[in-house]
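**Student:** Shown below is the structure under consideration.
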Amino acid sequence: MPAGALSRLLLGLHDAAFGAPIETAKEALLGALRAAIPFDAAIWGSGAEDPPLIFGIAAVDFPLEQLIAYGAWQSEDRLRAAVSASPGIALRQEDLGPIADHHASAIYAGFCKGAGIAHTLGIADLDADTNVGELIFLFRGEASPAYTEAERDLLEQCFPHLLTARRQRMLSAFQRPNGKVSHSETPGYAIIDDGGHVHASDPAFGLAMRSAFPGWQGPRLPEPLAKLVQTGETSLKAGGTRFDLRRSDGRHLLRLPDPAAARLSDAELKVARKFAEGATSAEVAEQLGLSPLTVRNHVTAIYQKLGIHSKAELARTMARLDG
């Protein structure tokens, strides 16, 4: 594909994700991909295998009854096993061996033929830290041509952009009134559910988790972070790293703080947030159970660490840091 056409395709993927509701962003992305790699049906699944969790399956022209029927054949699916074992590498059935061997297999006779699946192209991703995987399969029937090597290569080029566009669409649930997304100032974020399971994250979050919780592997957060969702607290410090939580409806943003906010102690951060909410010095002291002198000392330290000189600046700074 010419560079200009590829650039337009990748931009179109981003536009498709943001032009659809968050709940159907996967379907919209597959629809945009369909213009470049035609398919008769497709699925996009997200989840984990150990322990087995399904975060969601998007289907385009793939009936629910076929999804259910596939469950009995998953262990026989050599192509799924191959793409799962080679993250980021797109594979066709033909890449595993003679297509005649596939047509002679039990899964072809028992599932693929009846489902009208003659040609399959698949690709997967697995986050080694969170143990969360993404898997896309594109299907064609007997009346359609087999997938070409060029189409296989194009899927590999598009796949990282599909994943990024979906994550960005998920992050848009935490968008600020000024249109900026909360994570934009600093890397290090994860989108989690009410049970503390990580649905999406960036590499900086994985690095922070390895430092704060050596040996951790998702998709469920360590208990202290998982419980944070159920409490009224908005941050937690573990292993010298602070994690900030921003709640939404059913999905929450767990992130590393802005470097400026990270310079504040937990006590200073609580005082700063109270002032940013419009509380007076007396109200901050009363609400936090502090003496007026302690509040003044905290404010002095906050101003020095953030390089500001007034409560108005403090309010603006905290609005930026807390999203």
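The values are calculated or read from the model by the stated rules, or taken from the named source; none is laboratory data. Fair warning: this is a prediction, and the values are worked out from it, not measured in the lab. Cβ coordinates were reconstructed from backbone atoms using ideal geometry, including for glycine residues, and neighbour counts include every protein chain displayed.
**Student:** Select from region 24-77 the residues that are of a type in the set (S, T, N, Q) and without any contact (Cβ under 8 Å) to a residue 60 or more places away in the chain and write down the one among them that is nearest to R8 (Cα to Cα). Talk me through it step by step, then tell me what you get.
**Tutor:** Looking only at region 24-77, we keep the residues that are of a type in the set (S, T, N, Q), and these are 24, 46, 66, 74-75.
Pick out the ones that are also without any contact (Cβ under 8 Å) to a residue 60 or more places away in the chain and you get 24, 66, 74-75.
Details: T24: 22, Q66: 33, Q74: 36, S75: 38 Å.
The extreme case among them is T24.
**Student:** What is the residue count in region 82-98 for residues that are free of Cβ contacts under 8 Å to residues at least 12 places away in the same chain and over 10 Å from A124 (Cβ atoms)?
**Tutor:** So the count comes out to 2.
**Student:** Which one of these is closer than 23 Å to R92 by Cβ and modelled with pLDDT under 90: E76, E49?
**Tutor:** Numbers: E76 fails: modelled with pLDDT under 90.
Testing whether each residue is closer than 23 Å to R92 by Cβ and modelled with pLDDT under 90 leaves just E49.
**Student:** Starting from residues that are buried (at least 19 other Cβ atoms within 10 Å of the Cβ), out of contact with any Asp or Glu (no Cβ under 7 Å at 6 or more places or on another chain) and not hydroxyl-bearing (S, T, Y), keep the ones in region 116-130 and report whichever is nearest to L33 (Cα to Cα).
**Tutor:** If we filter region 116-130 for residues that are buried (at least 19 other Cβ atoms within 10 Å of the Cβ), which is where we start, we get 117-124, 127, 129-130.
Now narrow it down to the ones that are out of contact with any Asp or Glu (no Cβ under 7 Å at 6 or more places or on another chain): 117, 119-120, 122, 127, 129-130.
The next check asks that each one be not hydroxyl-bearing (S, T, Y); those that pass are 117, 119, 122, 127, 129.
Numbers: I117: 19, H119: 17, G122: 13, D127: 23, D129: 28 Å.
Checked region 116-130; the qualifying residue nearest to L33 (Cα to Cα) is G122.
Here's the yes/no breakdown for (1) within 16 Å of L162 (Cβ to Cβ); (2) of a type in the set (K, R); (3) surrounded by fewer than 17 Cβ atoms within 10 Å (Cβ to Cβ):
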{"position": "G19", "(1), (2), (3)": "yes, no, yes"}
{"position": "L30", "(1), (2), (3)": "yes, no, no"}
{"position": "R34", "(1), (2), (3)": "yes, yes, yes"}
{"position": "F62", "(1), (2), (3)": "no, no, no"}
{"position": "L67", "(1), (2), (3)": "no, no, yes"}
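**Student:** If we only count helices (runs of 4 or more DSSP H) wholly inside region 49-149, which ones have 3 or more residues that are closer than 23 Å to L29 by Cα and touching a Leu at 6+ places or on another chain (Cβ under 8 Å)? Can you show your working first?
**Tutor:** Details: elements: 64-70, 78-85, 99-103.
By residue number, 78-85.
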